[in-house]
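Below is one structure, written out as structure tokens, with a few remarks after it.
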Amino acid sequence: MEKPQNDSEKISRLNLIQKEGLRYIFDQRRKGRQAKEIYDELKISEGTFYNRQTKMFDILGVKTWDEIEEVYGDVLKGKRNLKLPDFDLQGVKELAPKVKKNWVPLLMGAVIVLLLAVVIRLLTSNGPQAKPQPTAVVVGSTVTPLPKPTEANILFQDIFDSTEISSKWHLEEGVMPYAYGGKLVTDDFTTISVGDVSWTDYEVTLSISDVGARYGDTNWLGVRGTNLANMMQFLFGPESTQWWERLDGVGKSIDPTIVRTNQTSYDIKVRVLGKNYYAMDYPVYPNPNHPNGKVYLHFFEGEKIDNFTIVDLSSPPSP
């Protein structure tokens with residue numbers, strides 16, 4: 001999202017921050033409080049906190065806190081008219097309060113809508129349609145293709161076709177996910193890891209559907225991670241994807257890396273070779289800070305993971 005051009009648009013985006021349950025984080029970070037203080041107070045995970053902060057930056061069309069002051073300074077200092085409701089701390093913690101509903105009329109309405117959709121589809125269909133492709137635009141750089149794949153050993157694979165997931169998965173945060181309907185799912189947010197910190201060059205592939213099904217939060221795939229505080233993260237949400245680095249517990253976006261996608265399913269492919277990082281249609285990104293490490297996956301309730309595979313690129317296949 002581009003920077004706002006006028007005061008009304010600035011206020012509109014700040015109101016959206018409020019609506020999304022992000023206002024408290026926004027206010028406290030502007031007051032100079034450390035991230036850990038805030039996510040400990042709100043009783044949310046570090047990963048969830050940074051996902052929400054990234055979403056906040058995206059809504060506001062900025063990349064740093066200094067830029068927020070630069071773009072929104074006069075409005076935030078009260079020099080301009082700013083109509084915002086008071087923040088709701090409980091709403092920040094829960095984001096989606098559960099509401100009792102009468103499901104009978106809702107289900108009947110859903111059935112009617114589904115039948116109408118089928119009829120319209122039959123009347124307007126002109127044969128098989130090609131699968132839509134994401135309208136991705138790389139900001140600030142020319143797209144560089146990934147190197148051609150080579151034969152290599154499979155370090156790890158889980159296709160979730162049984163009732164149990166691989167015992168090699170390790171829970172880092174949240175709740176342990178499980179296999180259901182041939183997919184990896186969770187009942188809340190989940191951060192899991194697999195592999196060994198000695199791993200160096202490898203390729204990770206996975207499929208994910210219903211991205212952002214619960215809150216529109218951003219998921220991430222971590223590579224060359226020695227712990228949650230040190231890794232490279234490839235973020236993918238319903239609106240965009242982005243490289244992000246965690247170094248000694250401090251997170252920062254890699255500029256320029258935002259690719260606009262506006263999609264709810266991805267076939268993720270990430271490679272790490274030497275000091276270079278590759279992801280889908282991204283330019284090659286060099287970073288010497290993370291020479292080795294295991295793989296992390298962070299996702300949310302309602303989303304579905306499939307065909308998770310890690311291939312060794314550091315040596316030829318075994319005979």
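Within the range 178-213, the set of residues being in contact (Cβ under 8 Å) with a residue 24 or more places away in the chain, surrounded by 15 or more Cβ atoms within 10 Å (Cβ to Cβ) and over 28 Å from residue 313 (Cα atoms) comprises 185, 186, 189, 210, 211, 212, 213.
The numbered conditions (1) in a helix (DSSP H, G or I); (2) under 22 Å from residue 262 (Cβ atoms) are all true for residue 75 except (2).
Going residue by residue through the range 221-234, is there one that turns out to be more than 29 Å from residue 35 (Cα to Cα), over 17 Å from the mean Cα position of the chain (by Cα) and either in contact (Cβ under 8 Å) with a residue 24 or more places away in the chain or surrounded by 14 or more Cβ atoms within 10 Å (Cβ to Cβ) (or both)? No: the range 221-234 contains no residue that is more than 29 Å from residue 35 (Cα to Cα), over 17 Å from the mean Cα position of the chain (by Cα) and either in contact (Cβ under 8 Å) with a residue 24 or more places away in the chain or surrounded by 14 or more Cβ atoms within 10 Å (Cβ to Cβ) (or both). Scanning the range 153-173 for residues that are closer than 13 Å to residue 195 by Cβ and part of a strand (DSSP E or B) yields a total of 7. For the residues 23, 33, the requirement of being at pLDDT 75 or above, under 24 Å from residue 245 (Cα atoms) and surrounded by 11 or more Cβ atoms within 10 Å (Cβ to Cβ) singles out 33.
For residue 301, state whether it is of a type in the set (D, E, K, R), part of a loop (DSSP other than H, G, I, E, B) and within 23 Å of residue 50 (Cβ to Cβ). It is true that residue 301 is of a type in the set (D, E, K, R), part of a loop (DSSP other than H, G, I, E, B) and within 23 Å of residue 50 (Cβ to Cβ). Within the range 264-299, the set of residues being of a type in the set (Asp, Glu) and under 27 Å from residue 178 (Cα atoms) comprises 267 only. Just wondering, is there one or more residues in the range 279-301 that are within 17 Å of the chain's Cα centre (by Cα), buried (at least 20 other Cβ atoms within 10 Å of the Cβ), modelled with pLDDT under 90 and farther than 17 Å from residue 208 by Cα? Taking every residue of the range 279-301 in turn, at least one turns out to be within 17 Å of the chain's Cα centre (by Cα), buried (at least 20 other Cβ atoms within 10 Å of the Cβ), modelled with pLDDT under 90 and farther than 17 Å from residue 208 by Cα.
Quick check, is residue 60 outside the structural domain of residue 188 (by TED's automatic domain parsing) and at pLDDT 80 or above? When the stated conditions are applied, residue 60 passes them.
The values are calculated or read from the model by the stated rules, or taken from the named source; none is laboratory data. Just so you know, these numbers come straight off a predicted model, no measurement behind them. We place every Cβ from the backbone using ideal geometry, glycine too, and count neighbours over all the protein chains shown.
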